[in-house]
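Here the structure comes first, spelled out in structure tokens, and everything after it is commentary.
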Amino acid sequence: SVPPEMLLKALLLQILFSIRSERQLVEAVNYNLLYRWFVGLNIEDKVWDHSTFSANRERLFNEDLARAFFERVKLSAQWGRLASDEHFSVDGTLIEAWASHKSFKRKDDDSGTPPGRNPEVNFKGQERCNDTHASTTDADARLFKKSAGDKSRLCHMGHILMENRNGLIVDVEITHASGTAEREAALAMLKRRGNKNKRATVGADKGYDSQAFIKGCRKLKVTPHVAAKDKHSAVDGRIRRHEGYKTSLKVRKRIEEAFGWIKTVGGL
């Protein structure tokens, strides 16, 4: 088996140096002396097989361990006074599932997979929705599009809570893709924040402009600095008249840098 601390260090190398696969990661650790030193292997130690590494990663690196690892890193930033506990921003992004539209079938469809590596599947004219259909490749994936002009795709949804002082990620959440997932995940992350007796603010885009989210924030002692919709906005004048509201709307755009790094460098 692969020791957990070596597994975590190797995964860090994969993310920080954009190594595309675990097979390539194991090969890089094998010949790169700096990688060996960082992971904790001596020069004569045998490197694990890539299939063994993948099996151990699935067994050990579950959500609980990932969150514990994340919390320890966040604590280091808090010790260095690099993370604010007063001003936050929140946003969500779509994570494309490793599943094709061909795998999205009716839940009561018992027919097997057509033969061939890339079989022809004709679903034109069929009404397909998450209530009646599911992916046979990834059952947690949902057919969703984030905006009216976008195309529907099988995906999950990732959410980030960022502190505004230095743009550090202080909480994350992964959910099914839905029209209310962003607001629900934001409230869940704000509820987990430290020092709940202290007033705080959270910046967000127009997708969070709803009565349920505004009320939920107020219950958590968080002032919602949400970008107001042009019509029928739930954001009242008491919030919009403060200078802090304008500042939050400017700073919240920095959260896109985190999403950009995660998707281009981090390999999400």
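The values are calculated or read from the model by the stated rules, or taken from the named source; none is laboratory data. Because the structure is predicted, anything quoted here is derived from the model rather than measured. Neighbour counts run over all protein chains shown; Cβ positions are idealised from the backbone, glycine included. SASA here: full protein model, heavy atoms, side chains in, ligands and nucleic acids out. Shrake-Rupley method; radii C 1.70, N 1.55, O 1.52, S 1.80 Å.
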Would you be able to say whether some residue in segment 210-223 is of a type in the set (S, T, N, Q) and open to solvent by less than 40 Å² (accessible area, probe 1.4 Å)? yes
Looking only at segment 5-56, which residues are surrounded by 15 or more Cβ atoms within 10 Å (Cβ to Cβ), touching a residue at least 40 places away in the same chain (Cβ under 8 Å) and over 24 Å from Lys263 (Cβ atoms)? Trp48, Asn56
Only residues that are basic (Lys, Arg) and either under 21 Å from Ser152 (Cα atoms) or in contact (Cβ under 8 Å) with a residue 40 or more places away in the chain (or both): list them for segment 174-211, please. Arg183, Arg193, Lys198, Arg199, Lys206
Kindly establish whether Val47 is modelled with pLDDT of 90 or more and not polar (S, T, N, Q). yes
Within segment 73-100, which residues are under 30 Å from Ser135 (Cα atoms) and of a type in the set (D, E, K, R)? Asp91, Glu96
Give segment 127-137 a look and list any residue that's open to solvent by 80 Å² or more (accessible area, probe 1.4 Å) and either in contact with a strand residue (DSSP E or B) (Cβ under 9 Å, 6 or more places away or on another chain) or under 14 Å from Ser103 (Cα atoms) (or both), or say none. Thr136, Thr137
Complete set of residues in segment 198-224 that are closer than 30 Å to Lys145 by Cβ, in a helix (DSSP H, G or I) and of a type in the set (D, E, K, R): Lys206, Lys215
Please determine whether any residue of segment 98-105 is open to solvent by less than 80 Å² (accessible area, probe 1.4 Å), in contact with a strand residue (DSSP E or B) (Cβ under 9 Å, 6 or more places away or on another chain) and charged (D, E, K, R). yes
Restricting the search to segment 10-25, which residues are closer than 16 Å to Asp49 by Cα and part of a helix (DSSP H, G or I)? Ala10, Leu11, Gln14, Glu22, Arg23, Gln24, Leu25
Specify the residue that is modelled with the lowest pLDDT; the eligible residues are those in segment 228-258 that are of a type in the set (Lys, Arg), part of a helix (DSSP H, G or I) and open to solvent by 100 Å² or more (accessible area, probe 1.4 Å). Arg238
Looking only at segment 204-257, count how many residues are hydrophobic (A, V, I, L, M, F, W, C) and more than 25 Å from the chain's Cα centre (by Cα). 3
